[in-house]
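Everything below concerns the one structure shown next.
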Amino acid sequence: MAYRIKDTCVACGTCQSECPSGAISEGDIYKIDPNVCVDCGTCADVCPTGSIEHID
């Protein structure tokens with residue numbers, strides 16, 4: 001998995017609705033399932049708070 005959601009997530013749901021693989025699940029802070037994520041970066045592109053970062 002090359003992306004993670006930081007503690008600054010406000011759980012708005014934007015990333016979840018845009019994820020093409022359904023890898024993001026709800027919570028106080030949303031989570032990305034590394035086994036489902038296709039590393040496309042859509043979540044990071046649409047996050048209004050910049051709470052999703054690429055991990056090297």
### Query
So what is the accessible area of the chain per residue, in Å², with the probe set to 1.4 Å?
61 Å²
## Note on the structure
For K31, other-chain or 5+-apart residues with amide H closer than 5 Å (H placed, Pro excluded) are S25
## Note on the structure
With a 1.4 angstrom probe the carbon and sulfur portion of accessible area for the chain, in percent, totals 44 percent
### Message
Restricting to DSSP loop positions (anything but H, G, I, E, B) with no more than 12 other Cβ atoms inside 10 Å of their own Cβ, which trypsin sites (Lys or Arg not before Pro) remain in the chain?
### Response
K6
### Task
With Cα extents along the principal axes in Å defined as stated, name the option among (i) 27, 20, 19; (ii) 23, 21, 16; (iii) 52, 16, 16 computed from the structure displayed.
(ii)
### Query
Based on Cβ point charges of +1 for Lys and Arg and -1 for Asp and Glu, what charge dipole magnitude is obtained for the chain about its Cα centre, in debye rounded to the nearest 20?
40 debye
### Message
Using only DSSP helix segments of four residues or longer, with each worth -39500 (n - 2.57), what per-residue ellipticity at 222 nm results for the chain after dividing by its residue count and rounding to 500?
### Response
-3500 deg cm²/dmol
### Query
Each residue of the stretch 47-56 in order: what ³J(HN,Hα) in whole Hz does its phi give by Karplus 6.51 cos²θ - 1.76 cosθ + 1.60, θ = phi - 60°, with x for Gly and Pro?
5, x, 9, x, 8, 10, 10, 7, 10, 7
### Message
Run the numbers for C40 and I55: contour at 0.36 nm per residue of separation, minus the present Cα-Cα distance, in nm.
### Response
4.1 nm
### Task
Could you go through the stretch 8-17 in sequence order and give the Karplus-derived ³J(HN,Hα) for each residue, using 6.51 cos²θ - 1.76 cosθ + 1.60 with θ = phi - 60°, rounded to whole Hz, and x for Gly and Pro?
7, 4, 9, 6, 7, x, 4, 5, 4, 6
### Task
Collect residues whose amide H, placed 1.01 Å from N in the peptide plane, falls under 5 Å from the amide H of C47; neighbours closer than 5 in sequence don't count.
none
### Message
Give the list, by residue number, of cysteines in the chain with no other Cys Cβ closer than 4.7 Å, or say none.
### Response
C9, C12, C19, C37, C40, C47
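The values are calculated or read from the model by the stated rules, or taken from the named source; none is laboratory data. Keep in mind the model is a prediction, meaning the values are calculated, not measured. Every residue, glycine among them, receives a Cβ derived from its backbone with ideal geometry; neighbour counts consider all protein chains shown. Heavy atoms of the whole protein, side chains included, go into the accessibility calculation; ligands, DNA and RNA do not. Shrake-Rupley method; radii C 1.70, N 1.55, O 1.52, S 1.80 Å.
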